[in-house]
Structure formats: C-alpha cells, structure tokens
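A short write-up of the structure that comes next.
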C-alpha cells in the first residue's frame, strides 16, 4: 500500500468517484495529512491550471532507504517545471536525513531541478511538512529545501497567508517559500507590541526600602521579558509547557479577579509568569514551594528568589497554594541563568530590585494582563505568538523551515534593541582546519570542501588526517567580539556538529554540550548577550527527547553560560608592563588559572543554587589571588589590579570597561576562529 487512509481521504475518494466536485478553497493546514484532500488543494487553490495528476491517485516510485518508507509521484506542473511527490518517512528521522532523501529522490527519479514534496512521518500524519526542493540551476552549489511545517497543533495562520492563492510563475513560487516574509511580518508585530508595552509596564528600581516603580529602562527590561517568554514558547513545542498556562478560561479559574483585557491589573504576570520563570523552570520539581510568610520580621525566605510568591494582603490566587504547586509539577527544571531572578544581586536588606519578583505590591513589577492577551485594539503577545509556527531547530543553508526559528528571534530582538550586525559566515572554520591538515603533509583537495557539503558523500580523509581534524575541533577556541544575536557562533557550532557527524559518526552523544566550552561571545550590549545565550539554550533543549517516565521528564538541566559570554568593550585593553609579561607564565599564576578553568567547568554544569553560589565565590577568590600575584610581579599597576577585581562575569548587567581574553576567559594564546567585526562609525 502506498497511501495513508483516514476518514477524510475515504470521503473525498468516494465523492470523486461519484462525480461530486469538492473544492478545497478553505483547506485546513491545521489538520492531519490526507492525500486526496491535499491533491484537491493543489488543484483548486495553489498550482496553475496546467497541473496534471500522475494516474488516478498517484504513481508509486521504487525508492526506499534507511529513512524513506515509500514515495508516490502526485503529478507535474509544466509551466513551473516541477514534479510533486509524497514521501512517507520513518517517524524518528531527523530534518537533515529527510532533506538528503529528497535531494537523492530528485537526482534519481526526476529530470527537473524543482519539486514540491509532502513529507509525512509513517503512522503519524498529524505532523507533516510541505516543501519546495531546489537543485541544479536553482541553487547555489548545493541543493536546498524550504518547508512549511503543517498538521495538528501547528499554528497555521501565517501559512495560509502564503499559500492561499494560485502560483503564477516560478518567481512567485519562490516568494511563497521565502523565510524573509515570515521574519519581516513577525518582526513588525513584535516591534509594535514592544512599543505598546513600553508605555504600560513599570518595573521596580532602587535598593532596600528605597524602591519605586518606574518606566526607566523599560526598553531593555521588556526585551529581557520577551526573551524569557520566547524560550518558554519554543519549549512549548517540545510539550514541556502545559497548554493551561496560555488558556483564558483556566486563568479565570486559577487567578483572583482575572480580566484578560485589563490595563490596570497585572495578576497574570505576577501570579503565573513570574512564578513560572523564577520558581519553576529554575527549581527542582521536588523542591518547589511557596515562601513562608508566617513571620513578619526576620523571615528566613527573605531574598530567596527561587520560591513561589503570593501577594501580601489579597491573594493573587483563587486556588490553594498546594493546588497551585501541583499544577506546575508537569514542568521540568531546566536551569540556566536565563531564569535567574536579578533582584538578589546585592542580598540582604539592601538587595537591588530589577525583575521585581516580590510579595510587596509596591516592589513587584507591573506588567498588565492586556499585554499578554490584548485589549481589543492591540494584540497581546499570546495571540501574536499563536499566529506562527515556532521550530526549535536552527535552519541551515540547505534546510530551511518557513517558521519562527531561533535565528529569526535573534534578528527580531536585535531589531527592537536598536542593534545592527552584519551577516555572518564561517569560512574561517575551513581555513582553520586546513592549517591543521597542512601539518600532516596533505595537499588541499576536494576532501575538505566535501566535508562541508550537505550530502552523504564520504570525506576522503585517511585515519591520521581524520584524527588531526578531530583533535583540531576538540581544542579549537572560537570567539565573536561583537556577537549580537550569536549568529556567527551558532553557525560555527552547527557546522562543527555536522562535520563531527561525518568524521566520527559513532560518537554523537551531546556534542553541543562539550563544544560550548570552546565558544566565547562578547558584546558591549547586555541584551545582546542575553539573546546569544537564548539561541544556545534553545539548541540544548532541541537536542533532547522528553520522556515522562524518567526523572525531570528526561530533560537534562541546561548549562550556565555566564562564563562563556561577557558584556565588555572590546576596543579597550588593560595596560600591562611589557617587561614583566613573561611573569604571566609563573608557576603560581598558571596553577591558579588552571583552578579557575576547573571552577568554571563546574559552574557550567551546576544545577543547584548552592552549587552556583559556591562556584561564584571560588571564582571571585581565585581571580583576586591572580590579580594580587600580577600586581606583586608588577605585571600590572595597583589601579589596574583594582579594575580587574571589580569585574564579575556573573553580573552581566554591568559591562566591563576593558577586554582581556587571558583574564576573562583564561585564553592565553589567542583564538583559533574569530569573526572580524564591522563596527558602525
């Protein structure tokens, strides 16, 4: 059998046999895939009138492989110069695997350089994609696939906009599958929301009892808020965030006096979102609890920002605290500094309020309900997000989802933060690997180019050369000195993972996790660092498979990236005594730096607040020791020593006025792969 059977398909087939014309002008992309229904959409809505079906209900193609179960040619369009196929693939096949299968399919079974292909997982037609595949003269050296993810649970409104009318020519077809259109539309909507939010939200400012709610720095604070929300929305795609959190009716049941359109009440943000950010995603499931408010003075939970909070006086909740905790038990602990509340930076009575996660109404952030749900005139962020399909996987130059990707989110956040960064390429990676290969006596050949190609072609390196390449990747140090949204670093990381899959296919376990320790990003804007970290955290989540039967639902807590990314001014270095620079290699200094590297490795993987605090204290102590030794050896002056001690990698809202890779990242001999930034004058 080469068809997928469901009631809709059977109905349509019967209708066609009876001579009944079924029009699919309102085809529902949010429904499960059925061949007959999709053929009617292609005929009546999308393709030119010269579309011709292959046979009655498709022509079976003799093409099968590790990932492909069966292929059916559905038809052809002479005016567009393309064939249309249905490819049923193994349910666990990755995006890259199915893309490669499509390229091989065209090579073997089509004389055309374009194809429209429906990819449906075997036995699960509820999640499929509709792709334009370009090869030959229509691609730049390598084949590429552009896909609309469709099916049940997929937000389809943006898709309907692109596919709602007949294609007139090839250029029109390409424009329908252009990710730029989705990016521009989404970017404009988020920018409008952010502009509106700046006028309504208020955040606490000050220390101790001297705190006021203000709109100062609202632009940056709201970017931080939207960054956290974006991460939540992305991991919702993995089933890690329950639907009730974004359900109005559920909010009416859970929250007191909930009015979704209110501009004067922020009960949703204070009751649900802040507790989700700071006391759920940032806390082990078994340790989640509310603050103890039984004592009015000397409260043992004062300043602890990883416990649920209710408002003093009138409760935010219409349900009990125990029932509230129970609701959040289906959400895993994800860790990462992204959800660490910034209020407790100073600690004690003089703590500084930034996020405003407080039981005191006059110290709690005010973000009105309308910003999330809309007020009738303006869209809230929840209905705005709901228009689009979000995908956790980063696009590559050969496989592109027409959806909101982490890359698009990076561009959106750059746009609303006012930053502007050039496009990024990672040819420097190929140059670095070639320099290592030259030492083996190898001559430059097509093997290195083939290693970067998005195909299954063997790389052609011998065992010695392969070992050299693996060691080069294992020891490389990569930096972007103006990282923005992290595009260059993410591009390099994805290429490294892709290359490792070719060089060492039997050892794929958690490659992202060990490669991140070789990647460094710096930027003068704190929010740029937040955006970059967001991209990498999404990648770490995307690489995992949730399992409800395992501890923490099978999710490994995310790494803490504060020691890999720093907010600094790269144009200013620290003055050193050149006559004494050799003392940097003094045994005591080298020992201390090795200790610091080990502490930062431990911090990267720390999951509890206690572990993080201990690592930070150790980091601070060792940095002070190194600074004192450098001053003792007269490598630096007392004034510079003081500047070094004051810099703290864990306080990423406080930019450093200097940059020194040895001090900040323990990198003594420079970086192997560097993007040269193009600063705007």
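The values are calculated or read from the model by the stated rules, or taken from the named source; none is laboratory data. Note that the coordinates shown come from a computational prediction; the quantities given were computed from them, not determined experimentally. Cβ atoms come from the backbone with ideal geometry, glycine included; neighbour counts cover every protein chain shown.
Data overview
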| quantity | calculated |
| --- | --- |
| Number of positions in the stretch 50-64 that are at pLDDT 80 or above, part of a loop (DSSP other than H, G, I, E, B) and out of contact with any helix residue (DSSP H, G or I) (no Cβ under 9 Å at 6 or more places or on another chain) | 3 |
| Scope the stretch 509-527; condition part of a helix (DSSP H, G or I), within 25 Å of residue 655 (Cα to Cα) and touching a helix residue (DSSP H, G or I) at 6+ places or on another chain (Cβ under 7 Å); matching residues | 516, 517, 527 |
| Residue among 393, 407 that is closer than 28 Å to residue 100 by Cα and either in a loop (DSSP other than H, G, I, E, B) or modelled with pLDDT of 90 or more (or both) | 393 |
| Candidates 534, 596 - the one that is touching a helix residue (DSSP H, G or I) at 6+ places or on another chain (Cβ under 6 Å), surrounded by 17 or more Cβ atoms within 10 Å (Cβ to Cβ) and over 29 Å from residue 413 (Cβ atoms) | 596 |
| Matching residues in the stretch 421-457 - criterion: being in a loop (DSSP other than H, G, I, E, B), over 20 Å from residue 396 (Cβ atoms) and modelled with pLDDT of 75 or more | none |
| Qualifying residue in the stretch 642-656 (condition: farther than 17 Å from residue 567 by Cβ, in contact (Cβ under 8 Å) with a residue 24 or more places away in the chain, crowded, with 19+ Cβ neighbours inside 10 Å and out of contact with any strand residue (DSSP E or B) (no Cβ under 9 Å at 6 or more places or on another chain)) | no |
| Any helices (runs of 4 or more DSSP H) falling wholly within the stretch 578-681 and containing at least 3 residues that are farther than 27 Å from residue 486 by Cα | 587-604, 609-632, 638-646 |
| Members of the stretch 304-335 that are surrounded by fewer than 17 Cβ atoms within 10 Å (Cβ to Cβ), in a loop (DSSP other than H, G, I, E, B) and under 30 Å from the mean Cα position of the chain (by Cα) | 304 |
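Residue-wise test of (1) part of a helix (DSSP H, G or I); (2) surrounded by 22 or more Cβ atoms within 10 Å (Cβ to Cβ); (3) touching a residue at least 40 places away in the same chain (Cβ under 8 Å); (4) in contact with a strand residue (DSSP E or B) (Cβ under 8 Å, 6 or more places away or on another chain).
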residue	(1), (2), (3), (4)
75	no, no, no, yes
84	no, yes, yes, yes
98	yes, yes, no, yes
106	yes, yes, no, yes
119	no, yes, no, yes
128	no, yes, yes, yes
133	no, yes, no, yes
140	no, no, no, no
148	no, yes, yes, yes
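Residues are listed down the side, and each one gets a yes or a no for (1) in contact with a strand residue (DSSP E or B) (Cβ under 9 Å, 6 or more places away or on another chain); (2) under 20 Å from residue 232 (Cα atoms); (3) in a helix (DSSP H, G or I):
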{"site": "495", "(1), (2), (3)": "no, no, yes"}
{"site": "498", "(1), (2), (3)": "no, no, yes"}
{"site": "535", "(1), (2), (3)": "no, yes, yes"}
{"site": "539", "(1), (2), (3)": "no, yes, yes"}
{"site": "546", "(1), (2), (3)": "no, yes, no"}
